[in-house]
Protein chains: 4
Amino acid sequence: MIRFESDYLEGAVPEIMSRLIETNYEQTAGYGTDPYCRAAREKIKLECDAFDADVHFLVGGTQANLTVIAAALRPHQGVMAAETAHIEAHETGAVEATGHKVITLPTVDGKINAADVRDCVLRHRADESFEHIVQPAMVYISQPTETGTVYSLPELEEMSSVCRELGLLLFVDGARLSCALACEGTPTLRDLARLCDVFYIGGTKHGALFGEAVVIKNAAIKKDFRYIIKQRGGMFAKGRLLGLQFDTLFTDGLYYKIGRREVTQAARLRTAFEAKGIEFAYPAPTNQLFPILSGTQLETLRKKYSFSIQTPLPDGGAVVRFCTSWASKESDIDALIADIKNF
Amino acid sequence: MIRFESDYLEGAVPEIMSRLIETNYEQTAGYGTDPYCRAAREKIKLECDAFDADVHFLVGGTQANLTVIAAALRPHQGVMAAETAHIEAHETGAVEATGHKVITLPTVDGKINAADVRDCVLRHRADESFEHIVQPAMVYISQPTETGTVYSLPELEEMSSVCRELGLLLFVDGARLSCALACEGTPTLRDLARLCDVFYIGGTKHGALFGEAVVIKNAAIKKDFRYIIKQRGGMFAKGRLLGLQFDTLFTDGLYYKIGRREVTQAARLRTAFEAKGIEFAYPAPTNQLFPILSGTQLETLRKKYSFSIQTPLPDGGAVVRFCTSWASKESDIDALIADIKNF
Amino acid sequence: MIRFESDYLEGAVPEIMSRLIETNYEQTAGYGTDPYCRAAREKIKLECDAFDADVHFLVGGTQANLTVIAAALRPHQGVMAAETAHIEAHETGAVEATGHKVITLPTVDGKINAADVRDCVLRHRADESFEHIVQPAMVYISQPTETGTVYSLPELEEMSSVCRELGLLLFVDGARLSCALACEGTPTLRDLARLCDVFYIGGTKHGALFGEAVVIKNAAIKKDFRYIIKQRGGMFAKGRLLGLQFDTLFTDGLYYKIGRREVTQAARLRTAFEAKGIEFAYPAPTNQLFPILSGTQLETLRKKYSFSIQTPLPDGGAVVRFCTSWASKESDIDALIADIKNF
Amino acid sequence: MIRFESDYLEGAVPEIMSRLIETNYEQTAGYGTDPYCRAAREKIKLECDAFDADVHFLVGGTQANLTVIAAALRPHQGVMAAETAHIEAHETGAVEATGHKVITLPTVDGKINAADVRDCVLRHRADESFEHIVQPAMVYISQPTETGTVYSLPELEEMSSVCRELGLLLFVDGARLSCALACEGTPTLRDLARLCDVFYIGGTKHGALFGEAVVIKNAAIKKDFRYIIKQRGGMFAKGRLLGLQFDTLFTDGLYYKIGRREVTQAARLRTAFEAKGIEFAYPAPTNQLFPILSGTQLETLRKKYSFSIQTPLPDGGAVVRFCTSWASKESDIDALIADIKNF
């Protein structure tokens, strides 16, 4: 079975594994205060051109989301997000468990737009019962989104501008950020640091064993953030494992290379599907593809490949998801393309 | 200014006021352990034909909602409700502040239906990522709804049946229950006690100074409920004030009379609006009317009456809300009808 | 049975009951936006010489405590309090249910002192693992305390001074404040407004049916406080009932008179106990007395009086509590004194 | 600098590192559903003689504590623990952030005893205001404790017996369990599985890169536990990394060997301190030593060794902590012993 159902099926890039072995017997202080974390922080700040940023390393995405939101909001405030957003749909109410409402905005492709954010906030402010309604105070977006789509630089600039005008915090979940960075016309790390209050750079899905690097620009969120990490169970004892992984990913542009490779391989698959007239549920230029397969096509591919079913369709077909990862083998991509051609 | 914007503008029915005065110097134990609370509980259980029920008196509706939900659910469980439900839209995230997600279901008239509940639950159970999604565990409905509509007895029976089949709790918010009881074809208190796990009988909007009587049938919710009341700030020191009010409301059918009067007065207003061809946003047979007024009509009525703007319309008109209350004067109703006739 | 077990056994002072009757049919806007609330706020601000304060009316003490603390603290912050404090010992974890730890300080008489607060904070700041420990950020004291003792003006000034020096919030629970105001050498309302960030003036135990007036001086706590009230279930629909009660209590010095009367009656009882050589568990000058009675004395008094057992003693005696209230009758006090004399 | 300040300064045992490398390119399903997790679960259940147990792998100890407690308790329930317990003193209020109070019991050496648990519960049940007090529902102990002491088998049996008699849950935090297992007269894994409702086997401090294996015996805690893991941010994407580590630790008795080695090395240090007449703050037979050093001794050792200061003493000395770990070198132990001899 060749697996394409997600991008966290394998371990880590060899550069990381070597360094884990090399440093295994070193003794370092715990909880992210070691030299590897310091070095990784400096490299990320340099890459973001944000020397005033705080950088914290967390183990996973849900943990990063709930920790940032708990740190940033007062109890009566909520976070606006697409109705398909990870925090709304796939974190078992982790945000609500910190006491905060997710205020959903409509979406067709996983993205939300600045105009809808503005409407939501202005409607709240104009309502005579505004104190009886959760106060929208933060915008959460994913880059790329759950459905593999990306925000262009102008789109992010507009969102940021609306947020600043209305006094909202802007938070970007970058669990698969490397892939978005590899797309044309998308914001760079510098753009993200310039336009957001807080965002994170995903490692788990881009070549690390695990780890997300949270970059905080907003002073109010920075304050006492490590207390919140500890309180939410995210203070990792052997913190250097996180630092060392991000230090490696931000050495010699490795993080960018991983995303480019994932995107390139996905593009090859996309072309193969398109050549057979297969349509996609979302216009996703990153490492996730959502082709709409017929029942027969599903049956054929299931024999050799694993992939996830996103939405079963009444005709026996389904919207499915194929992911490429840092470890996808060219030969596996070739095999899948060949089988698509034979549809 | 004659006020129709809500049904909590005045104090309490004279029967209650007299008894407050009469009993003012009596000494009774606190926290709901006094003879008036005991008497009120017995009357309510009798009326519900539910001698195994527990009855608790709380001060207000949001408090009742958050206390019941906190008592009933485990952390990963959520409550299904209409997207217009009070707990979703008008409690500043009180439910989320207890850690629970409100899972919204679509609605056109404020009601949800059993088929949508079933779909929501079955979709969750069939999802391969079900553990990553809040578990739907309770159904919350209001009788009548926020938009004044009511569930018929067959509708509630169907909802109850789906809940029991799927192992869901059924919770009915009866903040304006007296009005629903006054409508034809609706569930009685006995029906509610038979079909629900927990519901409450609203006093604040039906002639009491304040107070909601929570009736619990489900043994798991009953257990230690008073601890939860105290923890959520709802343990009322001079509890007899609550008991005494409900004892009065459930003497000589007063609670039913109040609802019938409110509904009758609202019906007179409805007829007057209809006679002028004015449409309503919702088919509401209770004490809340939602006529769609033109800008001119709004201007005319604003001079003498207060009412609330529910939704401003692009043409300068609005969906507005008129409420009758236990204290609405016939002469005020007459005056408003006369002014409607002159449109 | 003559009851002395608490000070919330009766209804409200006649001045309040009359006004409830007089205003019963008036129509006013809900949720504390009515003229009675406005008038009460102005009177309280005048009395506190604090025109920049915000005043909110809540129904009960636990509700006031949890709402203030939830509004004031970030998630990783805790509130320091005596190990006997109401929030620690008698609110079923209401503060923890908002996510915050109560950090206990030792006490012998219900009070905590500024030196212990300073030590607690400095110890936290000096600890190399400080981020792994809840950050002490607020001081909670009761005036008077659970055991009836009071802070003198110099004691409160010293506490306030330590709080300001260390950047801590100072919160005073005044559920029985009227009695503390009636004692010599205690802070006045003006002192409280000058020295605290937030405090409340208790009505429930001083002649109101219910109600606590929260006075906020600190701008950060003021912000959006009404949202927090609503979220925690404390937004009272017929808010004017609260305003009207506090307006009455702050007319013609009624609030002060009630406390003075309660304290004077308690003093008569204290003298009677002392005349028989009976000792007290705490040096309490307010309306709560904690005599240490023998088993025989307990038996004798139990025949005619109710009072609460605070701590049973191994010899069959107990520390008990007698409370006077606004409604205590002189004849009942006389009867009890006579029975004490006959010990 | 030779480091002894904690037992999480190094990476992982070579057996684990080899397997990480070997399996790096394998593709496995995520979230703990892979074959390595299955194998590790089976080995642990075999070792515990508990085939009905559920075993879950979490990344860290605070995460394990808060997840178990959130899963097990209803909102009004609290967990009893020593005043020095990790959940009370070193988790930044993680338990309170889930809404639950930690009810502290006195301790002299980090342990609590069954009699104090019983007293606490019976006092609660006998209190007439019991509903106003957090309900004690769970006992949390660490084996070994924060101060390195251990519960003997009879002590744990007595605790378990009291818990079962009173209907309390018993939860054992085994972050350093391997060391306790290496001590004489302590409970085995089988004993723990027989006597507790839930406990965990610590990997982070015993040779793993990270990871704690939570073993659940109680059916109510088992139910839907994976939802709670996800909600609290603990669902690890590449779950096999956890399974693989525990599979390795439970192959050929490696987990036991690690603890025995740590304890043996600590014993050599203990003997060296004792030979110089140095006393210990706690009678700790495990891998943590708490000698009371003079200022001069501190100065001498600081030049070559790092260790943590637990409590500074007025005379310039301090209670300090030395830890041995799986990776402590014999030569480093020898060096330290030589320097102690030269005091």
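Points to keep in mind about this one:
- Odd one out for C:A89 among (1) under 24 Å from D:I87 (Cβ atoms); (2) at the interface with another protein chain (Cβ under 9 Å from one of its Cβ atoms); (3) buried (at least 24 other Cβ atoms within 10 Å of the Cβ): (3)
- When residues in region C:247-293 are screened for being of a type in the set (D, E, K, R) and at positive phi, 1 of them pass.
- Verdict on D:G317 being over 30 Å from D:I16 (Cα atoms), modelled with pLDDT of 95 or more and in contact with a helix residue (DSSP H, G or I) (Cβ under 6 Å, 6 or more places away or on another chain): yes
- Where helices (runs of 4 or more DSSP H) sit wholly within region D:194-255, those with at least 1 residues that are touching a Cys at 6+ places or on another chain (Cβ under 6 Å) occupy D:240-249.
- Selection status of D:L209, over 11 Å from the mean Cα position of the chain (by Cα), hydrophobic (A, V, I, L, M, F, W, C) and within 21 Å of D:M80 (Cα to Cα): no
- Pairing each residue of region A:215-240 that is more than 7 Å from every other protein chain (Cβ to nearest Cβ) and at negative phi with any residue that is in a helix (DSSP H, G or I) and hydroxyl-bearing (S, T, Y), provided the two are 6+ apart or on different chains, yields C-beta distances under 6 Å for A:I229/A:T67; A:R240/A:Y36.
- Candidate set: region D:181-202, residues that are under 9 Å from the mean Cα position of the chain (by Cα) and not β-branched (V, I, T); chosen: the one farthest from D:Q245 (Cα to Cα): D:Y200
- Counting only residues that are within 14 Å of chain C (Cβ to nearest Cβ) and buried (at least 16 other Cβ atoms within 10 Å of the Cβ), region B:310-332 holds 9 of them.
- The number of residues in region C:140-157 that are crowded, with 24+ Cβ neighbours inside 10 Å, closer than 13 Å to C:P283 by Cα and among the polar types (S, T, N, Q) comes to 2.
- Residues in region A:262-286 that are under 30 Å from D:K230 (Cβ atoms) and either in a helix (DSSP H, G or I) or among the β-branched types (V, I, T) (or both): A:E262, A:V263, A:Q265, A:A266, A:L269, A:T286.
- Filter result (under 16 Å from A:G253 (Cα atoms) and either at pLDDT below 95 or among the small types (G, A, S) (or both)) within region A:166-207: A:S178, A:A180, A:A182, A:G202, A:G203, A:G207
- Qualifying residue in region C:153-162 (condition: in contact (Cβ under 8 Å) with a residue 24 or more places away in the chain and in contact with a Pro (Cβ under 7 Å, 6 or more places away or on another chain)): yes
- Filtering region B:132-149 for residues that are part of a helix (DSSP H, G or I), out of contact with any Gly (no Cβ under 7 Å at 6 or more places or on another chain) and within 14 Å of chain A (Cβ to nearest Cβ) leaves a non-empty set.
- Scan of region B:21-56 for residues that are farther than 21 Å from B:Y256 by Cα, of a type in the set (A, V, I, L, M) and in a helix (DSSP H, G or I), ordered by number: B:I21
- Of the residues making up region A:268-314, those that are within 23 Å of B:A126 (Cα to Cα), of a type in the set (G, A, S) and within 23 Å of the chain's Cα centre (by Cα) are A:A281, A:S306, A:S308.
- Any chance B:V79 is touching a Lys or Arg at 6+ places or on another chain (Cβ under 7 Å), more than 12 Å from chain C (Cβ to nearest Cβ) and either crowded, with 22+ Cβ neighbours inside 10 Å or free of Cβ contacts under 8 Å to residues at least 60 places away in the same chain (or both): no
- Checked against (1) closer than 19 Å to D:K101 by Cβ; (2) within 17 Å of the chain's Cα centre (by Cα), D:T145 meets all criteria but (1).
Residue-wise test of (1) surrounded by 24 or more Cβ atoms within 10 Å (Cβ to Cβ); (2) more than 24 Å from B:T23 (Cβ to Cβ); (3) out of contact with any Pro (no Cβ under 9 Å at 6 or more places or on another chain).
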| site | (1), (2), (3) |
| --- | --- |
| B:Y227 | no, yes, no |
| B:G233 | yes, yes, yes |
| B:F236 | yes, no, yes |
| B:Q245 | yes, no, yes |
| B:D252 | no, no, yes |
| B:K257 | no, no, yes |
| B:T264 | no, yes, yes |
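- In a residue-by-residue description of region B:100-122, the property of being in contact with a helix residue (DSSP H, G or I) (Cβ under 8 Å, 6 or more places away or on another chain) and within 14 Å of chain C (Cβ to nearest Cβ) applies to at least one position.
- Residue within region B:185-192 that is surrounded by fewer than 24 Cβ atoms within 10 Å (Cβ to Cβ), touching a residue at least 60 places away in the same chain (Cβ under 8 Å) and not aromatic (F, W, Y) present: yes
- Region A:64-110, residues that are under 15 Å from the mean Cα position of the chain (by Cα) and farther than 30 Å from C:I69 by Cα: A:A82, A:T84, A:A85, A:H86, A:A89, A:H90, A:G110
- Cβ pairs under 6 Å, 6+ apart, first in region B:36-65 and away from every other protein chain (no Cβ under 14 Å), second assigned to a loop (DSSP other than H, G, I, E, B) and surrounded by fewer than 19 Cβ atoms within 10 Å (Cβ to Cβ): B:K45/B:F51
The values are calculated or read from the model by the stated rules, or taken from the named source; none is laboratory data. Keep in mind that what you see is a predicted model, and the values were worked out from it rather than measured. A quick note on method: Cβ atoms are made from the backbone with ideal geometry, for glycine too, and the neighbour counts reach across all protein chains shown.
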